[in-house]
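Visitor: The structure follows.
The values are calculated or read from the model by the stated rules, or taken from the named source; none is laboratory data. Since the structure is predicted, the reported quantities are computational estimates derived from the model, not experimental observations. No Cβ is skipped: glycine too gets one built from the backbone with ideal geometry, and neighbour counts run over all protein chains shown. Please note that ligands, DNA and RNA were not included when accessible areas were found on the heavy atoms of the full protein model with its side chains. Shrake-Rupley method; radii C 1.70, N 1.55, O 1.52, S 1.80 Å.
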Amino acid sequence: MSAQARPQAPVTVRMFTRRLSSTRRGARLARLLVVRQLDVWGYRGEPSDVAAAIVAELAANAVTHGLVPGRDFEVGLILTGGTLRIEVADTRTESRPPAAEAGPIVPGPDCETGRGLLLVAALATRWGVADRQGPGKTVWAEIGT
């Protein structure tokens, strides 16, 4: 084998980011924009439907639990190879969801919250919470395309 480097196939990374108002309307718009962007990138059907469900849950959480008056939330997509990473960031530093590594989320029978992340955990290949540059947190989920 020669010492020359083997040619590698180029890696295409596609990114999309949008800042939206922290309202129910902003959460709905986030879902619609993500579905539209995935359509532009050529992803329809199941990957788009799964991404829409995840964005709907994470955006609803951001505007409900991550709301800081006067601050927006942000939705982002990063498509690399066969993996789509969905990110929803808000500016509230407290009220972090439990880390995915902590085990499955089990809301009590009388709890009125906590079920949205059950859906995210079921649909995503993996998910987690990360600090955000600036105040707040980013909840992310990855799915295969």
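Visitor: Just read off the accessible area of Ser22 with the full protein assembly in place, 1.4 Å probe, to the nearest 10 Å².
Guide: 20 Å²
Visitor: Using alpha-carbon pairs under 8 Å, 6+ residues apart, how would you state the relative contact order of segment 12-91 in percent?
Guide: Values: 121 pairs, mean separation 32.6, N = 80.
That works out to 41 percent.
Visitor: Pull out the extension gain between Arg19 and Thr125, defined as 0.36 nm times the separation in residues minus the alpha carbon to alpha carbon distance; nm, one decimal.
Guide: Additional length available on full extension: 35.7 nm.
Visitor: Right, another one. For a quick protection proxy, order the peptides 52-65, 116-129 by their average other-Cβ count within 10 Å, most packed first.
Guide: So the order, starting with the most tightly packed, is 52-65, 116-129.
Visitor: Let me ask another. If you count, for each residue, the other Cβ atoms within 10 Å and average over each peptide, how do 24-32, 39-47 line up from highest to lowest? Before the final figure, lay out the partial values.
Guide: On the way: 24-32: 17.1, 39-47: 12.1.
Going by the mean number of other Cβ atoms within 10 Å, highest first, we get 24-32, 39-47.
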